[in-house]
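Each remark here refers to the structure printed beneath this line.
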Amino acid sequence: MTYEVQTLTICDGWINTWTVHYPDGSSEPETFETAAQAQEALDEFFADIQAEIDAGQRTEDEGYSRDEFRIVKGGAQ
């Protein structure tokens, strides 16, 4: 069983927009072995965004809301 971070999109609803990019140019949706690993990745994402806001690389309104993300079992709709 895998887990994924899904993003709430306007056109497609909840989908996995997280992607792994490989050196050969290929890519695939990112999944995690555990819900805890997915949560860690999501927390790191929000920490990176906050660091960019704190450094002045983004404005406060260029962040994200945690309500726009969820962690589900892989393939869940």
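The values are calculated or read from the model by the stated rules, or taken from the named source; none is laboratory data. For clarity, every value in this text was computed on a predicted model and none was experimentally measured. Note: ideal-geometry Cβ built from the backbone for every residue, glycine included; neighbour counts use all protein chains shown.
Scanning segment 36-61 for residues that are in contact (Cβ under 8 Å) with a residue 12 or more places away in the chain and of a type outside the set (Phe, Trp, Tyr) yields GLN37, ALA38, GLN39, ALA41, LEU42, ILE49, GLN50. Within segment 48-60, if we keep just the residues that are surrounded by 10 or more Cβ atoms within 10 Å (Cβ to Cβ) and among the aliphatic types (A, V, I, L, M), the residue that is nearest to the chain's Cα centre (by Cα) turns out to be ILE49.
Mind listing whichever residues of segment 18-35 are free of Cβ contacts under 8 Å to residues at least 24 places away in the same chain and either over 19 Å from ARG66 (Cα atoms) or surrounded by 15 or more Cβ atoms within 10 Å (Cβ to Cβ) (or both)?
Initial filter on segment 18-35 (free of Cβ contacts under 8 Å to residues at least 24 places away in the same chain): 18-28.
TRP18, VAL20, HIS21, TYR22, PRO23, ASP24, GLY25, SER26, SER27, GLU28 - these are the residues of segment 18-35 that are free of Cβ contacts under 8 Å to residues at least 24 places away in the same chain and either over 19 Å from ARG66 (Cα atoms) or surrounded by 15 or more Cβ atoms within 10 Å (Cβ to Cβ) (or both).
Against the definition (out of contact with any Asp or Glu (no Cβ under 9 Å at 6 or more places or on another chain) and modelled with pLDDT of 95 or more), how does ALA38 come out, yes or no? So ALA38 fails the test.
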